[in-house]
Structure formats: structure tokens, C-alpha cells
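Quick notes on the structure that follows.
The values are calculated or read from the model by the stated rules, or taken from the named source; none is laboratory data. Here the structure is a predicted model, which is why all the values come from computation and not from measurement. Every residue, glycine as well, gets a Cβ built from its backbone with ideal geometry; the counts of neighbours run over all protein chains shown. Quick note on the areas: whole protein, heavy atoms, side chains included, nothing else; ligands and nucleic acids left out. Shrake-Rupley method; radii C 1.70, N 1.55, O 1.52, S 1.80 Å.
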Amino acid sequence: MAFAAKLAAPGWYRAALSFPVGIGIGMGIVVLVRALYGYDPLFDGNAIVTVCLISTPLAFLVGIGCFDYWFRWASGAATIPEDHSGHGATSWRDYFKVNTDHKVIGIQYIVTTFFFFILAGLMAMLMRAELAAPGSQFVEPNTFNGLFSVHASLMIFLFIIPVFAGIANYVVPLMIGAPDMAFPRLNALSYWMLPMAGLMMLLSFFAPGGSFATGWTAYAPLSTDTPLGQQFFTLGVQFAGASSIATALNFLVTIITMRAPGMTFWRMPLLVWANFTTSLLVVIATPFIAGSQFFVLFDRSLGTNFFDNGSGGDVVMYQHVFWFYSHPAVYIMMLPGFGIISEVVSANARKPIFGYRMMAFSLMAIVLLGFTVWAHHMFVSGMFGWLRVPMMITTMLIAIPTGIKIFSWVATLWKGVIHMTTPMLFALGFITMFTLGGISGIMLAVIPLDIHVSDTYFVVAHIHYVLFGGSVFTIFAGLYHWFPKMTGRMYDESLGKLHFWLSFVFFNTTFGPMHFVGIDGMPRRVADYAEQFTAMNVFISISSFLFGLSFLIFLYNMITSWRGGPKAAANPWRAHTIEWQVSSPPPIFNFDEIPTVVGGPYEYGVPGAVHAVFKDKAKAPAATAPAPAGGGGAPPPVRTE
Amino acid sequence: MTRRDWALMLTLGGLATVAGIVLCLMIDWFPGQGADEAKQIDTLYDVLLIVSVPIFVLVMTVVIFSVWKWRAKPGDMSDGEPIHGNTLLEVIWVTIPTILVTGLAVYGWIVLDDIEDRKPDTLIVNVSGQQFAWSFRVPKQAGVPKQFATTELQLPRGRPVEFDIRSSDVIHSFWIPDFRLKSDAVPGLKTQIRVKPSELGPHDIVCAELCGLGHSTMRQTVRVVEPKAFEDWAGKQKGSGGSGEQAAVAPDTHTLADAASISKVGAVQ
């Protein structure tokens, strides 16, 4: 009886039961439809797997309990009154439940995405092992193609995009003085779609014919003509995309409607601006990749001819639709990082962000321009030639708002009081490498050069300078910066710095040489290469292993510090933004009293300036005991000079 | 900031710029220059390097100098000077990059027009990509007495060539690194590149677009010979009368499963 009750209640028992139910439904639909049409055989493996890839994740989401409240409401049953039992986490088990607390969801996101980050990183190292010598060593060409496809897909859809959603989930409501996100149940649903998407991509390795092996770009008609593994990508992306869109809507509504009294748009911290603009990009662009993958799915499964040129389809159309999402996606993966860097640089340089309004305007400019550059990925694709020059010009123009941001961070350092904490090191490392990635981006925009280097290792180098040296370094900066807030503990500063320096050096020795081999004639996405590139590839491979090892320091630091690091003060960085004015970790409902915003977020050095006040000063814990690391816990408005 | 600080920063920045540019120009970036177009593209790249180095050095100089000059002493709880912005500076760092990228875009456009220009006396070569080999069909024209098909292409030095590129299965990308030119081979489309080979000898042909299992083995060579030698060679080729565009290619019957066995064989030379 107790067991039956457990099976009926939301949770892992019901979720476990949902798998066979989902598979049964999928199989049932296929068999029924095939029987009605009189198709033979009734059991078609490919069709069953395809439908099950839709029905099983949905069944799981129902099983784990994402839809319970809505189902009750929709069916007219009495809804369970919100008792806030879904808020907060007291043990690790609480992180494995459907939880509606934005802080719990934030940590669920971050831990889950790092799990996929580690797997995708290991795949990268396996590829580097294969590429350490020409010829075939460890993996078959098909496996190799699968490895780089899954590597990129996990890194993009299961790490960079959602980890930013995780950090923002934790920080943004606190920063704007809100008790939670606008739609907490939608927030939980967004999270739980992610592990499903990741699992689907990983499971593709077990599909007959191997995992999807057409790159994360899945260009048709290769993707419409490959074995079953491709379906795992086509459908996995749908779940990751739906998660992304739902979260972005949630951020938009939260940021527009739930800011604390007094927080005008021009008093929002730049992290909030960054997530606001990112969410605009996500909501507008993501449906396009969903569409492109649905077209592939229909071509594969339903016999449509979107990309079959023999039947009137258009091969280049795939690339237009795909890149109309996937170029803005680069900014989806970059703008939240810009926000993190603004927070870290201003707090650690003890200075207002230089040109705050231009920083916000440049984010908006990137959003607008980001939609006008997609075809620069297609200069050699055979698309109509006239579109190339306008796309070259818009691509170059987008360097200007990006340049504004770089120059403004650098100017923020000027005459500051610079604390070289671990997050600050990562921020400065980011500025260095993102500048390099931006420069190689300009080079790629110049059509005649792009004709030579497109689809080479030069592009591999560029994308890793932008997405690892760029995005991932901002992720590290953000995690170290908000680690005390999220866990209530301090991380180990020496290990953090060691992690930075090893990452910085080995990042550059791994990806720097890729520029050379690319220009020199080595194409990307190859399991084998010409003898002349051997020496450089050996060097890259060795660097990449050391680079991978440096990540273990981060992992060790995070785990041991979370378990037993020194207790963190409310405001170890003496920052002004609101999340630092509550305890570390914050109270379950964030604020006993909603703060009132009275000034800008970065008024460092301005005598008497405050960003937000709590009416009852005694309750604001900012002015409590000194912090154990990273400087004292002096109340932010006081200028102690 | 004393006058000495400025002098130090500007000197070091200037030296680093010069050193960076010299270093970047000394590096032998490209494979051999096999065509006239390659020379223009290599020069374009040099210009891009010369423009890029000062920008990177500027950012790095200010970052490193600031950290060196204004790093907090242990226990320093003070704040920096509350500088909120500087309109003139912001106008400058919008204007200068705008001018730079506009210049580069115009220059890039000019080079693009140049290398894609139609030239007289062009030799037409039909290229067909198929998992996982390139094949060529040279139609009857000046210097080619009759149409023929081959997988081991030769080209005359100094005569402009137009490659008309097609694919019979998935997307490939026809790339000759020594010529600096590539174009995707797209099912249902004819794409073109134009080039004037200038360097005798073999040049690699590489497939640059992921096309399946054997993608990394889809490599061949094209040999550039003296015009006389080309005409001799072309004259000796067995004619292929086929009128279809894909005359040189086997009928498109194989599936990807068959392709797997092809990939084991390696490049078709």
C-alpha cells in the first residue's frame, strides 16, 4: 500500500515507472498506425525509437512531477495549496526533486551542466588522442565523427547555454530584489527537460550505426541520410530548445515585472541587462533551430522533401534556417558572460563600470546586429553571391559594440584599486582571449580570407577562443564570484589561482596552434590528416591533456570547499548589488523585507552612495562580521579611505 | 599617473606593437602560393595582421599596466576614483574601429571582385564530388580536342581556370589550399571558383565539408604543368562522349553503407 502510494506521488518511483509507460505508448502508437495502414512489418525499429524519443521524455517529466499542479488545475481537481515545501534544500536529496526554488534550480542547472561539460571534455581528449598521430589509432572514423558531433552538441546545448541560465537563475532574482522567478513551476520544468536532452544525445552512441555523426551543425542532406543516431540529436535539441525558450520567457517576465521598487532599467546591474538581452535573443531565435531540426526529422521519418533537391527541396535553405538561430546562439553564449565580467571587474577594481549606459546600449546593439550576420557562416556554401558583402559588413559592424565593451572594462581598471582574486584573474584572462577571438572573427568576416580558412582548424581555433577563452572563462569567473553566496562557504583562493594559470597557459597552447595548422591547410572534422601536420598536432594533443587535468583542480576546490570551506560572510567582495546584502546562502525566500533601490549598482568610490536600502537597517546583514577572504565585510556605502 | 608612467606605458606598448607585427609577418602562415589569387589573399592577411596587432597590444598594455600600477596593497579597503565615463573617449573608440573595419570591408570587397573576375581564354573544368572522391570532366574547348573524364587532373600554368562544381550525393567542399580557394559542392547547384595557377607541380585537393565516414580520406592532387604539356596530356585522354553533367561519375546508386567500404580504401589517387 505504501509502495502504491509512492508510485502515485511525484518522485523517482513514479519517474522510474514512467520509462516503460513512455516506451509502451511510443510503441503502441507506431504499431497501431502501421496496422491501420497495413504496413509490414508492424514493428519497425526506427519508427518505434523515433516516437519513443518523444513519448519517453514526456512521460518522465510527468512521472517526476513537473505537471502535477497544472494537470490538477486543468482537470478541475482541487489544486494542492502551495505550502512552499518545494522551496529550499536541506540535504542533497532535495536537489533530485522537482523544486520550485530558483536558488535550488540554479544549483541543479549548474551541477547538471558541469556533468555534461566533463563528459564532453573527455570526448574532446579522446579525439585529441586519436589526432596525436596521423592514421587511425583508437577510434573508427565513424566513432570519431560521432565524438566531435556529440562533444559540440553537449558543450553548446547542455553546458554553455544552460549553465548561464543556471547562474542567472540563482543570481538575477536576488539582484533585482525579487523573492523568486515569475513562474517557478515553469522554471522547474525548464530544468528537468535538460537532463532528458543530454541523456538522449549520450544514448545515441548505443544506436545501431553509432551516434549522430554530422557535426552539431547537422547539415542536410548528410543528416537526412544517416543512421538512426541522428534522430537522437534532432529530438534532443527540441528538449534543450524548449527548456531554453521557457527559461528565457521566465527571465523576461521576471526582469520586466519583478524589480524592486526604485530599480529602473538604468539602475539594473549589467548582469541583469545581459540576461534580459540574452533572453530576447533566445525567444526570437531558438524556434528557428527547432524548425530546422523538425524539417530534418520530417524528411527522415515522414517522407517530406525539404532538403531533397531531387524532389524540389533546397539544400542551402537548411543552412539559412540553421544559422539564423545558430549565429545569435553565439551571442546567447556570450552576453551572459559579458554581464558576469561587468560584475566581477567593477567589484574587484573598486570602480563604477566605465560608460554604464553604453554597456547596456551595446548589448542591445549586439542583439539587433546579431540577427543580420548569419550568412557569414555560408560564404562558400553556394548561396546567392550578393548576400556575402552585406553580411561581411554587418559582421564587422558587430565588432564595434563588442569593442565598446572590451574598452570599457579596460577603462574600468584605470585608477582602480585592483584586487587580483580568482574571479578577477578569470575576467582579465577572458578579456585577453576574447580580444584574440574577436580579432580572428574579423579576419573570418573578410570574404576572400574566409574562402581559404572556412571549415579549417582556423575556425576551430576561433570558436574555442570565443567559447572557451570567452564564455567558459566567464563561467569560471562567475562561479568563483558567487560561490560564497551559493554555498555559504569560501573556496580556496590559492587553488583557484593555480586553476586559472594552468587553464590560461594550456588553453593557449592547445588552441593557439590550431590557427597555424588551419591556415596551413588542415580541414576540421577529420579523423586523419596529412603527415605535414603531425608535429603541431602532437603538441596540441599533449597540451589538451594537461588542459584537461587542470580542470581537476577546479573540481577538487569546488567539492572540498562546498563541504568544508570556511564560512563565507554575506558580502566577501564588498559589492554593492543586492544579492550581497543578504546572508550567504540567502534566506529561503530571499528577503525578509523587499529592498528599495536608491541608486546605481556600481557607485564604488562615491561618498555615501548606496544601491539599495532595507528600511530596517538592523536586519540587513551586510554590516556583520568581517569576511574570511577577499577583503573585509565593511558596509558598501562607507568609503574607508 | 606621472609623466614617467605615460612614457613607460607608451614605449612598452609601441615596442610590443612593432615586435608583434614583425613576428606576425615573419611567420610562414600559408602553404605554397600556387596561383595568382593566392598572392592577393596572402597580402590581405598581412594587412589584417598589421591592423590587428596594435589593437590587441593596446588592450593588453592598458590591462597589464593598470594591474601593475593600481594593484591593491594587502588590507587596502579603499575604492578607486569614481570615473563614470568619458564621452570623448567613447566617441573615439567607436569612431576609430568603425573607420578600420569599413576600410577592411572595402579592401576585402575589392579583392573578392578581383579573384572572382571572369577572364578571357578560361579553361572550363567540371568537378563532381561524390562520397569520397573528386572526379573531373573537361569539355571540348580551346586546347582540349575532345571531352574527357579523369580523376587525376592536370592544369596548364598561366591559363585561367573555371571550376564548375557539383555534387551527386551530399555537400562536399572543393578546396585547393595552395590556390586559397574553396567552394562547397552542393547537390542541385552549380558553384564556381576561378583561379589562375602559377606554380608548377602537384597541389592538394581537400574536401573541407564533413561528408560522412570517409571525409578525411577525400584527398587528391591536381598537377599544374606547362601549357604545352597540358595540351599533350589532354590530347592523349580517352574521350568520354557522355552529355550528362555527371558523366565522369559512377551512377548514384550506392548508399552510405556502401560508402563505408570505400572509406577503408583511402584516397583515390
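Just a few scattered comments:
- Relative to its Kirkwood radius, the Cα radius of gyration of chain B gives an Rg/Rh of 1.17.
- Expected 222 nm ellipticity per residue - DSSP helices of 4 or more, -39500 (n - 2.57), all of chain A, to 500: -20500 deg cm²/dmol
- For the range B:123-251, the dipole from Cβ point charges (+1 on Lys and Arg, -1 on Asp and Glu) about the Cα centre works out to 340 debye, to the nearest 20.
- Computed over chain A: relative contact order in percent, which uses C-alpha pairs under 8 Å that are six or more apart: 13 percent
- Candidate lysines for bridging to B:Lys228, where Cα separation is under 22 Å - those fewer than 8 sequence places away on the same chain excluded: B:Lys119, B:Lys140, B:Lys146, B:Lys196, B:Lys236, B:Lys238
- Residue-by-residue Karplus 3J(HN,Hα) for the range A:474-482, coefficients 6.51, -1.76, 1.60, Hz, glycine and proline x: 5, 5, 4, 4, x, 5, 5, 5, 9
- With a cut-off of 14 Å between beta carbons, the residues surrounding A:His151 carry a summed charge of +2, where Lys and Arg count +1 and Asp and Glu -1.
- Neighbouring partner chain Cβ atoms per residue of A:341-354, average, 10 Å criterion: 3
- Along each principal axis, taking the top coordinate minus the bottom one, the Cα set of the range B:123-251 gives 39, 31, 21 Å in descending order.
- Approximate shape of the range B:1-69 as ellipsoid semi-axes (Cα gyration tensor, √5λ), whole Å, largest first: 34, 9, 9
- Estimated buried accessible area (total), pair B and A, 1.4 Å, Å² to nearest 100: 7400 Å²
- Here chain B has 62 percent of its accessible surface on carbon and sulfur atoms, given a 1.4 Å probe and all protein chains in place.
- Spatially proximal lysines relative to A:Lys415 (Cα-Cα < 19 Å; intrachain offsets below 8 disregarded): A:Lys351, A:Lys405, B:Lys69, B:Lys73
- Total charge dipole magnitude, the protein assembly as shown, about the Cα centre, Cβ charges on Lys, Arg, Asp, Glu only, Debye to nearest 20: 1760 debye
- Legend: residues in the range A:188-234 shielded by at least 50 square angstrom of accessible surface upon adding the remaining protein chains to the isolated chain (1.4 Å probe, heavy atoms) are A:Leu222.
- Whole-number D in µm²/s for chain A (Stokes-Einstein; Kirkwood sum over Cα pairs; 4 °C, 1.567 mPa s): 50 µm²/s
- For residues of A:392-404, the mean tally of beta carbons on other chains within 10 Å: 5
- Considering only beta bridges that DSSP places wholly inside the range B:123-251, some 70 percent are antiparallel.
- Local net charge near A:Lys6, Cβ-Cβ under 15 Å (Lys/Arg +1, Asp/Glu -1): +2
- Shielding by other protein chains, A:108-121, mean Cβ within 10 Å: 0
- Summed residue charge, Cβ within 14 Å of A:Met514's Cβ, Lys/Arg positive, Asp/Glu negative: +1
- Accessible area of the range B:123-251 divided out per residue, in Å², using a probe of 1.4 angstrom: 33 Å²
- A Förster radius of 56 Å, combined with the Cβ-Cβ distance separating A:Thr264 from A:Leu32, puts the computed FRET efficiency at roughly 0.45.
- Between B:Glu226 and A:Ala16, the distance separating the two model label sites (each 7 Å from Cα on the Cα→Cβ line) works out to 8.2 nm.
- Normalised per residue, the accessible area of chain A is 34 Å², obtained with a 1.4 Å probe and no contribution from ligands, DNA or RNA.
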